[in-house]
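Everything on this sheet refers to the single structure shown next.
The values are calculated or read from the model by the stated rules, or taken from the named source; none is laboratory data. Keep in mind it's a predicted model, so treat the numbers as computed, not measured. Cβ placement follows ideal geometry from the backbone for every residue including glycine, while neighbour counts extend to all protein chains displayed. What goes into the accessible areas is simple: the full protein's heavy atoms, side chains included, and nothing from ligands, DNA or RNA. Shrake-Rupley method; radii C 1.70, N 1.55, O 1.52, S 1.80 Å.
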Amino acid sequence: MFLPPRHAEILEMAKEHGRVLVDDLAVHFNLTPQTIRKDLNDLCDQRLLTRIHGGALFPSGVQNLEYEARRLIAAGEKEAIGRAAANLIPDNASLFVNIGTTTEAVGQALLDRKGLMIITNNINVANKLRIYPDIEVVIAGGVVRGSDGGIVGEAAVDFIRQFKVDFAVIGTSAIDSDGALLDFDFREVKVAQAIMANARHVILVSDSTKFERTAPVRIGHLSQVHTFITDRCESAAIRQICADADVRLIETSA
């Protein structure tokens, strides 16, 4: 497919970083935001990008973005979500922290807590928290995924099932309009399902770009969580699901 040079560069930038923003592209190319929006609309019309609020996302239906790209997407939003989730977790609580860049933001926000017991299948979370004497870190055994340090597989599932904790902090790769929570790796999904089944209060943390994505493996449904924290939710259907299932919806940008 032939693309004009600017469109090709925009597409490469989106592929590298996971998403592109109108304002950043306008500065990069020294063009008006209106021109950039037209470029993005053209690329989206060709199904090369997926439009999101303020920019566009590099679509991925069967394969997840690279870890560094995911970490950079909506970094500020994830930090705010992490703080909001940490505010729900008191000292001396026990909790699961699952795989994901947003759950890692929650771990970062918990550093000043005392008496926590954190069970995780996320090596990045364990490595960050292990040096804090007021936090006990328990790490699951299993297959370590080289791409992001996630621990997956049946051994991790069996390990998780030994516990019953106060809170679970989980992420998701995509949220469908019907409330389905989706991911890419069925091995990771099995661990997430075990985490949800063995926590008294499940906190889903997800930035709003996940409403624009899709993935092939079902974790569960939004109605199965107790609290959903995102930067913003513009979907009336998702809001209705939360209301019907008595899921507390927290929007950090509201």
(message) I'd like to verify a number: residues in the range 224-254 that are assigned to a strand (DSSP E or B) and under 16 Å from the mean Cα position of the chain (by Cα), how many?
(response) 7
(request) For the range 186-214, name all the residues that are of a type in the set (D, E, K, R) and either within 19 Å of Val157 (Cα to Cα) or open to solvent by less than 50 Å² (accessible area, probe 1.4 Å) (or both). (result) Arg187, Glu188, Lys190, Arg200, Asp207, Lys210, Arg213
(message) I'm checking my understanding of the structure. Among residues of the range 209-254 that are among the β-branched types (Val, Ile, Thr) and in contact with a helix residue (DSSP H, G or I) (Cβ under 6 Å, 6 or more places away or on another chain), which one is nearest to Arg51 (Cα to Cα)?
(response) Thr230
(request) Please go through the range 173-195 and pick out each residue that is more than 20 Å from Asp148 (Cβ to Cβ) and in contact with a helix residue (DSSP H, G or I) (Cβ under 7 Å, 6 or more places away or on another chain). (result) Ser177, Gly179
(message) Quick check on Ile135: is it surrounded by 13 or more Cβ atoms within 10 Å (Cβ to Cβ) and closer than 18 Å to Ala197 by Cα?
(response) no
(request) Please enumerate the residues belonging to the range 100-120 that are open to solvent by 10 Å² or more (accessible area, probe 1.4 Å) and under 18 Å from the mean Cα position of the chain (by Cα). (result) Gly100, Thr101, Glu104, Ala105, Gln108, Ala109
(message) It is to be established whether one or more residues within the range 174-182 are part of a helix (DSSP H, G or I), among the β-branched types (Val, Ile, Thr) and within 18 Å of the chain's Cα centre (by Cα).
(response) no
(request) Determine if the range 156-167 includes at least one residue that is assigned by the TED database to the domain that holds Asp185 and more than 22 Å from Ala93 (Cβ to Cβ). (result) yes
(request) Determine if the range 146-169 includes at least one residue that is open to solvent by 20 Å² or more (accessible area, probe 1.4 Å), small (Gly, Ala, Ser) and either without any contact (Cβ under 8 Å) to a residue 60 or more places away in the chain or closer than 17 Å to Phe96 by Cβ (or both). (result) yes
(request) List the number of the failed condition for Arg218; all other conditions in (1) part of a strand (DSSP E or B); (2) within 24 Å of Ala80 (Cα to Cα) hold. (result) (2)
(message) Between a residue in the range 32-52 that is without any contact (Cβ under 8 Å) to a residue 40 or more places away in the chain and any residue that is open to solvent by 70 Å² or more (accessible area, probe 1.4 Å) and in a helix (DSSP H, G or I), which pairs come within a Cβ distance under 8 Å, given they are 6 or more apart or on different chains?
(response) Pro33/Asp23; Asp39/Arg6
